[in-house]
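The structure appears right after this line, and notes come after that.
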Amino acid sequence: MAYDAPARPDTAEGPSVAILGAGVAGICTAIKLKAKGFTNFTIYEKAAEIGGTWRENTYPGCSCDVPLHMYQFSFDMRPDWTKKFVSSADIKAYLESVVGKYGLRAHIRFNTEIDDARFDEQTGLWTLKSGGETFEANVVAAGTGQLHRPVWPNIKGRDSFAGDSWHSAQWNHAVDLKGKRIAVIGNGASAIQFVPEIAKEAASVTIFQRSASWVLPRPQREFYGWERAIYKALPWTMNIQRWKIYWFGELLFRTFHTSGDALKKMGIDEMELYVSDPEKKRKLTPDYEPGCKRVLFANDWWPAMGMEHVDVVTEGIEEIVPTGIRTVDGKSRDFDIVVYGTGFDTTHFLGPMNLKGLAGRDLKDAWKTGAEAHHGMTVSGFPNFFMLYGPNTNLGHNSIIFMIECQANYIAQCVEKLKKDNLLYMDVKPEAQRASNEAVQADNANSVFASGCTSWYKTESGKVTNNWANYTFK
């Protein structure tokens, strides 16, 4: 960071902080600020509730594929979880509890999505706009995430379908699925969780797939009563479990730089247990290395794929018609429901927000060739602006909670530095950002993330903008 900015008028409460988003990242940042004695912050949340991606995604079977000891805050681990991998509802309830415990609700302004932010270098203030309202803050910490803006496919006739349709991130729980003919477009991380659930009720489920996914077994299990009793009596034992999971994940990191033959065998062996139809097996076998796209974990996906009323179509979709879907081979199929499991807009960080920094510099211009930031957090020319879960901070081998805690600690330290030295603002030097990004891209170039497949990790030009291809302790 560069500290050659003019001095800030000293105030007892310190710099004001605007936190964007009341999901995991925003909540963690607020707690870290309070831990350092800063209470002059506001969390701007676009929705009427907290929770981020765990509020948005409520589809049947929605759960986390990271063991819970690594998917809760290290400073607030709970002994009363019943399973190793928990549901979205469980995580949201945990976050609600954390918000209450740390007194954050009074700091949250709900139904307020910041759509414009501009920095004034004379005052050291960011002016934030939401609709017709205007707010000011010395520091902006954007915890808006990557997995909350649904992507709808550009398919001819999509709006003409006469039945019910929705995106998996906007699940319509009012519609009865029993006995229905359901089309699922996409087979990524969401689909592998909701397809087995809807297959229990549907008359038929037809998955329209562009490419297969590597799906490995998830070591789910319930905790014994004696385990929970130990965690409650000796809380430090939860940290032992956390670190065991953490270091196992760090060891797995090497698989993204070496042959994926072991992972391939694991996935194919699991498929062979449940799927007997040779043609279906062919369709469901990926033609790329594990990790090029997100490796998925589920125990009920392959049993569902073995069901006779679950089909997989690999022919491209030509058009959606009022009664169903027509593929490029001319075949039409009728459906009652179409579910879009087509993922999220992940490479356009900060979404539709307009952001202008020093001398009116537009972030969209700075990111014309793809998003990048110093350690995934700060961009030169945009002082006092920080991102959590920003460019190149997504993980394929460990928990994003660990990454977010590190980032929140850093933000709190920077706010502390601003106050201690009476700085108006701090800005990362362009050469530091350049060196940081070159190192990240070099790591990615030598990883499976940059190999030959299309994934949400990369831009259309092939630049890996989402993933961190190194150990998390580095």
Problem - Tyr288 vs. criteria of a type in the set (Ser, Thr, Tyr) and closer than 29 Å to Val464 by Cβ - result: yes
Problem - Filter pass, Leu388 being in contact (Cβ under 8 Å) with a residue 12 or more places away in the chain, in contact with a helix residue (DSSP H, G or I) (Cβ under 9 Å, 6 or more places away or on another chain) and among the aliphatic types (A, V, I, L, M) - result: yes
Exercise for the section: Sort through Ala137, Ala162 and tell me the only one that's exposed (fewer than 15 other Cβ atoms within 10 Å of the Cβ), small (Gly, Ala, Ser), farther than 30 Å from Tyr274 by Cβ and touching a residue at least 24 places away in the same chain (Cβ under 8 Å). Expected result: Ala162
Problem - Options Leu68, Leu95; residue that is within 29 Å of Arg228 (Cα to Cα), crowded, with 21+ Cβ neighbours inside 10 Å and touching a residue at least 40 places away in the same chain (Cβ under 8 Å) - result: Leu95
Problem - Verdict on Gly370 being in a loop (DSSP other than H, G, I, E, B), on the phi > 0 side of the Ramachandran plot and over 27 Å from the mean Cα position of the chain (by Cα) - result: no
Exercise for the section: Only helices (runs of 4 or more DSSP H) wholly contained in the stretch 1-120 count here; list those with 3 or more residues that are over 16 Å from the mean Cα position of the chain (by Cα). Expected result: 24-35, 88-101
Exercise for the section: Please work out which residue is nearest to Lys264 (Cα to Cα), limiting yourself to the stretch 275-325 and to residues that are in a loop (DSSP other than H, G, I, E, B) and touching a Ser or Thr at 6+ places or on another chain (Cβ under 6 Å). Expected result: Glu289
Problem - Residue that is surrounded by the most Cβ atoms within 10 Å (Cβ to Cβ), among those in the stretch 284-304 that are hydrophobic (A, V, I, L, M, F, W, C) and under 23 Å from Val86 (Cα atoms) - result: Trp301
Fill in the blank from the handout: Filter the stretch 273-283 for residues that are surrounded by fewer than 16 Cβ atoms within 10 Å (Cβ to Cβ) and in contact with a Phe, Trp or Tyr (Cβ under 7 Å, 6 or more places away or on another chain); the one that is farthest from Lys200 (Cα to Cα) is Leu273
Handout entry: Test: Asn398 is surrounded by fewer than 18 Cβ atoms within 10 Å (Cβ to Cβ) and at pLDDT 80 or above
Key = no
Handout entry: Matching residues, the stretch 166-213, being touching a Cys at 6+ places or on another chain (Cβ under 9 Å) and surrounded by 19 or more Cβ atoms within 10 Å (Cβ to Cβ)
Key = Ser168, Ser190, Gln193, Phe194
Practice task
Among residues belonging to the stretch 358-395 that are under 15 Å from Val140 (Cβ atoms) and of a type in the set (Gly, Ala, Ser), point out the one that is surrounded by the fewest Cβ atoms within 10 Å (Cβ to Cβ).
Solution key: Gly381
Exercise for the section: Would you mind stating whether Lys356 is among the charged types (D, E, K, R) and closer than 26 Å to Gln122 by Cα? Expected result: yes
Exercise for the section: Spot the failing condition for Ala412; the list is (1) crowded, with 19+ Cβ neighbours inside 10 Å; (2) modelled with pLDDT of 95 or more; (3) in contact with a Gly (Cβ under 9 Å, 6 or more places away or on another chain), and only one is missed. Expected result: (3)
Practice task
Return the pairs, sorted by first residue and then second, in which the second residue is charged (D, E, K, R) and crowded, with 17+ Cβ neighbours inside 10 Å, the first residue lies in the stretch 299-315 and is without any contact (Cβ under 8 Å) to a residue 40 or more places away in the chain, the beta carbons are less than 8 Å apart, and the residues are 6+ apart or on different chains.
Solution key: none
Practice task
Sort out which residues of the stretch 89-127 are touching a Pro at 6+ places or on another chain (Cβ under 8 Å) and charged (D, E, K, R), and write them in order of number.
Solution key: Asp115, Glu121
Fill in the blank from the handout: Restricting attention to the stretch 325-357, the residues that are more than 16 Å from Ala202 (Cα to Cα), in contact with a Lys or Arg (Cβ under 6 Å, 6 or more places away or on another chain) and surrounded by 19 or more Cβ atoms within 10 Å (Cβ to Cβ) number exactly 3
Practice task
Output the qualifying pairs, or none if there are none: Cβ atoms under 7 angstrom, residues six or more apart or on different chains, first residue in the stretch 14-35 and within 27 Å of Asn422 (Cβ to Cβ), second residue surrounded by fewer than 24 Cβ atoms within 10 Å (Cβ to Cβ) and among the basic types (Lys, Arg).
Solution key: Gly14/Lys419; Pro15/Lys419
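The values are calculated or read from the model by the stated rules, or taken from the named source; none is laboratory data. All figures in this text were calculated on a predicted structure; none of them were measured in a lab. Glycine gets a Cβ as well: all are built from the backbone with ideal geometry, and neighbour counts include every protein chain shown.
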